[in-house]
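S.K.: Can you keep this structure in mind? I'll have questions shortly.
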2 protein chains.
Amino acid sequence: MPLPVGSRGVTDGTPANPLDAEDLRTRVHKALTDHLTAQSDVLDAVSDDLAPLMDSVGDLLTGGKRLRAAFCYWGWRGAGGEDCAGIVSVASALELFQAAALIHDDVMDGSDTRRGQPAVHRRFAALHRGNHWLGSSEDFGVAGAILAGDLCLSWCDEMYAGSGLSPESLAAGRAVFDLMRTELMCGQYLDMLEQVQATTTVDRARHVILYKSAKYSVQQPLLLGGTLAGASRELLATYDVYGRALGEAFQLRDDVLGVFGDPAATGKPAGDDLREGKRTVLVAVTLERCSPAEAAVVRRSLGDPHLDAAGVDRLREVMTDSGALGVVEEMIDDLSAQALTAATAVEAPARAVLEQLVAASTARTQ
Amino acid sequence: MPLPVGSRGVTDGTPANPLDAEDLRTRVHKALTDHLTAQSDVLDAVSDDLAPLMDSVGDLLTGGKRLRAAFCYWGWRGAGGEDCAGIVSVASALELFQAAALIHDDVMDGSDTRRGQPAVHRRFAALHRGNHWLGSSEDFGVAGAILAGDLCLSWCDEMYAGSGLSPESLAAGRAVFDLMRTELMCGQYLDMLEQVQATTTVDRARHVILYKSAKYSVQQPLLLGGTLAGASRELLATYDVYGRALGEAFQLRDDVLGVFGDPAATGKPAGDDLREGKRTVLVAVTLERCSPAEAAVVRRSLGDPHLDAAGVDRLREVMTDSGALGVVEEMIDDLSAQALTAATAVEAPARAVLEQLVAASTARTQ
């Protein structure tokens, strides 16, 4: 069933206000809700015991900035694609992919919280503990999260294939859709390697964020939307430049928020990235610029699961005083400027939205 | 590039000997190898450090009985589908799905070995240990296996969509393909619940194996092949009966092999299922039939990771002496007979192969 085009009674396929991201968010939310409702029926038919699996996915998907969906949708529109339910469905599929990545990533990082809620593996561990079941609650938690992530991966694909866009269009988009999935897993693996090898350089850290975040957060959703709409080679090249630059800026902002962000806004405890030992570009720049004594403090503190508030503050100080924070903020500015320059080659109304998305991706607090 | 039809110079699209499962296995193996080679190029372009990820999947996929591929292929042929590279590709995609399920399942069960090799999470743990990397080798192992499984899930879908079968055919098959994936995750979750709740009954254990194994091992591959070929409603009903019965028999044989199998043939240590605390139908029947004293022994031993050879022998004795093993063998015989009866409604040459596959699924030693 096609979704309503907008909430303002527009009938020609164009939202009343193309900058109204809220409208797209509402439609993506509805598409995801409809999909999960249908899947819920499948799970209910198998067993009543599956409700926690469904709930874990549903609760996670109520949150999120829907940025990937926005890039996909506006990549389509920028290439002349008409507004339709099909592209909203594909855009929503990317939110399921993101959910899968987050659920599995939180297991791999041992994170406790996500979007202000307990991480999915913690939810299942709590369910196990609360029911006094046999065996290890942590192991049950990991298993539940593996399965919840696997479901999201399958459903992402199901939503893509079942979007209602033409088979030719979907076949063309496959090149991007498939590469996006494979490259993200690669990026996640490289990210893990950086953490356990702890020999990060700025170049290596930038290589990792390209694959673990920049591509699938901005560049590939945009290229996917464009490819599905049959974008010209020139426009895809523009998306490529915009997406790579903004994708990197997006992740650099994430890394800064991971250390300096307000927990109330980010939904993650302060300093969590430091306790998890994430080898971010910010960390690499810090190690390049600080004194040997400070570097020793950074190396000792990073990845210490018991790092307290004073330890977090000390690291923040080194990052600020060494000028590393300033360097990263400058990188974000430069990359944002590159993205804005690239966006000028895109036609209205998508151009204005892509410009707006630069700020939404980099000036955010969550 | 289409794969060669067979190894015997047949040109009319029909293998020289439809019973020659070896021939199909060779073609499936080649299709998987080609797919992995292409993916290897993608990974190499990202980083040299990804080789262990690729190798873990490649090594796992060299093994396997290729039964799911066979059911899919012969489901297609039984519905009048012509032999072609496309159906071999879809059949091979199911082997990637199976690999994903095994890799993630071994993490969830904490299994050490698979197909006679270390389980994928153990491989990554060993890699971590051998390199003296930071942090926990076990955690690194789990993370590597999560990503390897995720890659297999994505590649399964990629192979399905890129098989070259017509878009109409693939769209029709989606109903089976999508349900198969969702239901398997459900089955895995229910299986986990049985282990931690330890309140198994025969009925519940049978319900679990339907979803965690019977459907995706036999019934759904067969229905997928049939649906892709446009099978009649009658034929799909036949496949449904055959697949459900044989799928259950297949898993019951697996459960018996998990306790009584020769480790050299199964590739898993003797008694591993018992140490993992699997609540199989065999266990449930045993608990129904044995004395209270024996039941206490079973309950105490199941899930004990340190259960020694004598303990395994003791459980085997209870299972045999209580008559439970005989009951399960009878169930396998009954279900096999049901499948054979159903197969009579299928046209030649598929009928003969489906008959042969009953024995291959239930009289096996690995």
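Every read-out reported here was derived from the displayed coordinates using simple, explicitly stated rules and does not represent laboratory data. The structure displayed is predicted, hence computed values, not measured ones. Here the Cβ is made from the backbone with ideal geometry for all residues, glycine too, and neighbour counts use every protein chain on show.
S.K.: Cα gyration tensor of chain A, axes a ≥ b ≥ c as square roots of the eigenvalues: rounded (a/c below 1.5), prolate (a/b > b/c) or oblate?
M.R.: Judged from the Cα gyration tensor, chain A comes out oblate (a/c at least 1.5, b/c at or above a/b).
S.K.: Roughly speaking, what is the stretch gain from A:Glu168 to A:Arg299, that is 0.36 nm per residue apart minus the C-alpha to C-alpha distance, in nm to one decimal? Show your work: numbers first, answer last.
M.R.: Details: separation 131, 0.36 × 131 = 47.16 nm, distance 5.17 nm.
Full extension of this stretch gives 42.0 nm more.
S.K.: Tell me which B residue has its C-beta closest to the axis rotating B onto A, and the distance in Å?
M.R.: Rotation axis B onto A, closest Cβ, rounded to whole Å: B:Pro167, 2.
S.K.: Please give the residues of the stretch A:241-256, grouped as numeric ranges, whose backbone N is less than 19 Å from a label point set 7 Å along the Cα-to-Cβ vector of A:Asp333.
M.R.: A:245-256, by backbone N distance to the label point.
S.K.: Go through A:Ala284, A:Leu179, A:Val297 and say which Cα lies farthest out towards the positive end of the charge dipole of the stretch A:170-366; charges sit on Cβ, +1 for Lys and Arg, -1 for Asp and Glu.
M.R.: Value: A:Leu179.
S.K.: Which value in Å does the Kirkwood hydrodynamic radius of the stretch A:1-165 take, with 1/r averaged over all unlike C-alpha pairs and then inverted?
M.R.: Values: mean 1/r = 0.0595 Å⁻¹.
Taking every pair of different Cα atoms in the stretch A:1-165, averaging 1/r and inverting gives 16.8 Å.
S.K.: Which of rounded, prolate or oblate describes the protein assembly as shown when judged by the alpha-carbon gyration tensor and an a/c cut-off of 1.5?
M.R.: oblate
S.K.: Take B:Val259, A:Val202 and order them by how many other Cβ atoms sit within 10 Å, fewest up front.
M.R.: Lowest to highest Cβ neighbour count: A:Val202, B:Val259.
S.K.: Under the √(5λ) rule applied to the eigenvalues of the Cα gyration tensor, what semi-axes describe the equivalent ellipsoid of the stretch B:186-290? Give them in Å, descending.
M.R.: Semi-axes, largest first: 28, 16, 12 Å.
S.K.: Taking the Cα centroid of the stretch B:145-220 and of the stretch A:242-272, what is the distance between the two, rounded to the nearest whole Å?
M.R.: 36 Å
S.K.: So, counting K/R as plus one and D/E as minus one, what does the shell of residues with Cβ under 12 Å around A:Gly326 add up to?
M.R.: Numbers: positive: A:Arg289; negative: A:Asp321, A:Glu329, A:Glu330, A:Asp333.
The answer is -3.
S.K.: So how strong a dipole does the protein assembly as shown carry about its Cα centre when Lys and Arg Cβ are +1 and Asp and Glu Cβ are -1, to the nearest 20 debye?
M.R.: The dipole magnitude comes to about 60 debye.
S.K.: Here's something else I'd like to know. Put a label point 7 Å from Cα along the Cβ direction on A:His306, then list its distances to the equivalent points in the other copies in nm, shortest first.
M.R.: Inter-copy label distances (nm, one decimal, shortest first): 2.7.
S.K.: Additional query: Once you charge only the Cβ atoms, +1 for Lys and Arg and -1 for Asp and Glu, what is the size of the charge dipole of the stretch B:192-263 about its Cα centre, to the nearest 20 debye?
M.R.: Its charge dipole is roughly 180 debye.
S.K.: Also, quick follow-up: Net charge near B:Gln117: determine it from the other residues with C-beta under 12 Å of the C-beta of B:Gln117, scoring Lys and Arg +1 and Asp and Glu -1.
M.R.: Taking every Cβ under 12 Å from that of B:Gln117, the sum is +1.
S.K.: Over the Cα atoms of the stretch A:94-157, what is the Rg over Rh ratio if Rh follows Kirkwood? Walk me through the intermediate numbers first.
M.R.: Working: Rg = 11.7 Å, Rh = 11.7 Å.
Rg/Rh for the stretch A:94-157 comes to 1.00.
S.K.: Please rank A:Tyr239, A:Tyr211, fewest neighbouring Cβ atoms within 10 Å first, as an exposure proxy.
M.R.: Taking fewest neighbouring Cβ atoms as first place, the list is A:Tyr211, A:Tyr239.
S.K.: Additional query: Once label points are set 7 Å from the Cα along Cα→Cβ at both B:His207 and B:Glu82, what is their separation, rounded to one decimal in nm?
M.R.: Distance between the two pseudo-spin positions: 4.7 nm.
S.K.: Moving on to the next point. For a label point 7 Å from the Cα of A:Ala45 along Cα→C-beta, name the residues of the stretch B:241-274 whose backbone N is under 18 Å from it.
M.R.: B:241-245
S.K.: Which of B:Pro221, B:Pro349, B:Pro292 ends up with the largest GNM mean-square fluctuation for chain B, with Cα atoms connected below 10 Å?
M.R.: B:Pro292
S.K.: Now a separate question. What order do you get for A:Leu179, B:Leu134, B:Leu151 when you list them from fewest to most C-beta neighbours inside 10 Å?
M.R.: Ordered from fewest to most neighbouring Cβ atoms within 10 Å, A:Leu179, B:Leu134, B:Leu151 come out as B:Leu134, A:Leu179, B:Leu151.
S.K.: Work out which helices of chain B, taken as complete DSSP H runs, extend at least 24 Å along their axis over the Cα atoms and score a mean Kyte-Doolittle of 1.0 or more, then list them.
M.R.: Helices passing the filter in chain B: B:85-109.
S.K.: Also, quick follow-up: 222 nm [θ] for chain B, helices only, -39500 (n - 2.57) per DSSP H run of 4+, per residue, to 500?
M.R.: Value at 222 nm, helices only, nearest 500: -23500 deg cm²/dmol.
S.K.: Could you tell me which of rounded, prolate or oblate describes the stretch A:170-366, using a ≥ b ≥ c as the square roots of the eigenvalues of the alpha-carbon gyration tensor, with rounded for a/c under 1.5 and, failing that, prolate when a/b is larger than b/c and oblate otherwise?
M.R.: It comes out prolate by the Cα gyration axes.
S.K.: Another one. With an 8 Å cut-off on Cα pairs and a minimum separation of 6 or more residues, tell me the relative contact order of chain B in percent.
M.R.: 18 percent
S.K.: In the structure shown, do any of A:Lys278/B:Lys268; A:Lys65/B:Lys215; A:Lys65/A:Lys268; B:Lys215/B:Lys268; A:Lys212/B:Lys215 have a Cα-Cα gap over 26 Å, and if so which?
M.R.: As for pairs spanning more than 26 Å Cα to Cα, those are A:Lys278/B:Lys268; A:Lys65/B:Lys215; A:Lys212/B:Lys215.
S.K.: Summing Lys, Arg as +1 and Asp, Glu as -1, what charge do residues with Cβ under 13 Å from the Cβ of A:Ala148 carry, A:Ala148 excluded? Don't jump to the answer; show the numbers that get you there.
M.R.: Values: positive: A:Arg114, A:Arg122, A:Arg123; negative: A:Asp55, A:Asp59, A:Asp105, A:Asp106, A:Asp150, B:Asp150.
Net charge in that neighbourhood comes out at -3.
S.K.: Relative to the Cα centre, what is the charge dipole magnitude of chain B, using +1 at the beta carbon of each Lys and Arg, -1 at the beta carbon of each Asp and Glu, and rounding to the nearest 20 debye?
M.R.: The dipole magnitude comes to about 320 debye.
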